[in-house]
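Notes follow the structure.
The values are calculated or read from the model by the stated rules, or taken from the named source; none is laboratory data. For clarity, every value in this text was computed on a predicted model and none was experimentally measured. When we count neighbours, we look across all protein chains shown, and the Cβ atoms used for this are built from the backbone with ideal geometry, even at glycine.
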Amino acid sequence: MNEPNYLGHRQRLRERFLRSGFKGFNDYEVVELLLTLAIPRMDVKQPAKALIARFGNLRGILDAPPEELREVKGIGSVAPVALKIIRSAAELYLQQSAETTESLADPERLSAFWRLRIGSLRDEVFEVAYLDSSYHLLIDGVDRLEEGTIDRAAVYPRRLVETALKRGAAVLVVAHNHPNGQVQPSDQDKTLTRALVLAAEIVQIKILDHLIVSPDEVFSFRKAGLL
């Protein structure tokens, strides 16, 4: 029995990747290679192209809810789970890198960290990173303190300080997302930030920054001179 044509194509994609990573790959070919891990017995070129057509790029695909991914012809039920695993693995990689060798004092590193974690979520969430005095992330040092609706997440200074003291943190970075894509702080955001800073100062904990993120933009209170 002859080998299906798509098997040879898959092998060539994998060999290209092993030689030079994703250099020279079309966007759909990157998605196609990922789909081969979850869909073993089908040509996945057309489903990959359909995903790009619907969600725009790889990031849009990885950020999409599984139920929307399943609506694309040929994707099935396993591939959406695999894509979520890939995305979560990337988040975990960034967090563990920060826990071991990288200082989070760099604003660009902070921005990339939270854009991936929460920038594309459809509900507003509020997270905090617990750092030591050298601005390294503590082990398991990121908590989601609040998860709200599409436009609201309530965070209380007392709770933030209590969790920081339990973790033994010297420095905090707080972040939340704006699902509407607009990262400019509201008056409520500014008031909350002042309250958090004051509460942390009482127990000699520093808030390094408060970030507001969307998939494409980040507002830094520190960079804007509001912290």
Please enumerate the residues belonging to the stretch 44-77 that are over 21 Å from the mean Cα position of the chain (by Cα), in a helix (DSSP H, G or I) and surrounded by 13 or more Cβ atoms within 10 Å (Cβ to Cβ). Lys45, Gln46, Pro47, Ala48, Lys49, Ala50
Filtered residues of the stretch 101-147 (kept if at pLDDT below 85 and acidic (Asp, Glu)): Glu102, Asp106, Glu108, Asp140
When you check Asp189 against the structure, is it acidic (Asp, Glu), within 30 Å of Ala64 (Cα to Cα), at pLDDT 90 or above and under 22 Å from the mean Cα position of the chain (by Cα), yes or no? yes
In a helix (DSSP H, G or I), outside the structural domain of Lys206 (by TED's automatic domain parsing) and either without any contact (Cβ under 8 Å) to a residue 40 or more places away in the chain or not charged (D, E, K, R) (or both) - does that describe any residue in the stretch 151-159? no
Residues within the stretch 42-73 that are among the charged types (D, E, K, R), in contact (Cβ under 8 Å) with a residue 24 or more places away in the chain and touching a helix residue (DSSP H, G or I) at 6+ places or on another chain (Cβ under 8 Å), tallied: 4
One residue is enough: does the stretch 200-207 have a residue meeting the conditions modelled with pLDDT of 90 or more and either assigned to a strand (DSSP E or B) or under 23 Å from Gln96 (Cβ atoms) (or both)? yes
Is it true that some residue in the stretch 146-165 is in contact with a helix residue (DSSP H, G or I) (Cβ under 6 Å, 6 or more places away or on another chain), surrounded by fewer than 18 Cβ atoms within 10 Å (Cβ to Cβ) and among the β-branched types (Val, Ile, Thr)? no
